[in-house]
Amino acid sequence: MKKFFTLLLSSLFSLSLLAYDGSRLSISTISNTMDLKIEIDGRRINMQDNTITLSNITEGSHSVRIYREKKRNGNGFNFGKKQEIIYASSVFVKKGFHTDITVNRFGKVFIDERRMDSRDGWYDEDENYGDYEDENDGGWNNGYGNVMSTRDFEMVKEQIRKEWFEKNRLVSAKVIMDKNNFTVQQVKEFMLLFTFEENKLEVAKYAYRKTVDKQNYYQLNDALTFKSSKDDLARFIRESH
């Protein structure tokens, strides 16, 4: 019954809040140790795998409040003394734009937006946003869609670099890769954030589907040490076609 009630509330929330006009709002954290609770327009939403995405949200201002759990208590939503507000403001979502709110491991909030293009199939509900057009990405675009800007990329690298354990760095890197496209040079810089060869190789494989200039993927061999790793990557690329 409790599960049914939760699903019913989620359905009602979707129907009342989301009206198709080609906009998205997503909230995520690159930290896998931070427990966040999200409230949008007075409605509370649980995150799934450190992220939520609201598709086709109505254009206009939306109240966004982000809470951080000071201590896990296993009670789900329990807004009280054990939660602190790390963000509370109105966010204006433009029609045809994807507005992205990211919380770093220190609780600092960054907001970015990118123009979406219906011709690229981003209206699908499968988290594959397609290669939509970016108005200004700091020189990385070169005709490619949704390539992370130089400024954003450097900021993300710095946050990942602060992760003490490589397994945490890998989780954070994958979250970022899921939401952006990259050049081969950016993928190489991601790989160089890692010491262990197996992690470098995993980054290279994971980023392949999100890389806009796959024809240059051979350049990643420079970031790998062992011939076996280079052969493994070459085999992965062949099998991906």
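A few comments on the model shown:
- Ordering His241, His98, His62 from the fewest to the most neighbouring beta carbons within 10 Å gives His241, His62, His98.
- Over the stretch 134-241, the reciprocal of the mean inverse Cα-Cα separation, the Kirkwood hydrodynamic radius, stands at 14.1 Å.
- Farthest toward positive dipole pole in the stretch 134-241 [+1 Lys/Arg, -1 Asp/Glu at C-beta], among Thr211, Ala223, Ser240: Ser240
No lab work stands behind these numbers, since they all come straight from the coordinates. Every value quoted in this text rests on a predicted model; they were computed, and no experiment measured them. Counting neighbours? That spans all protein chains shown, and the Cβs are built from the backbone with ideal geometry, glycine included.
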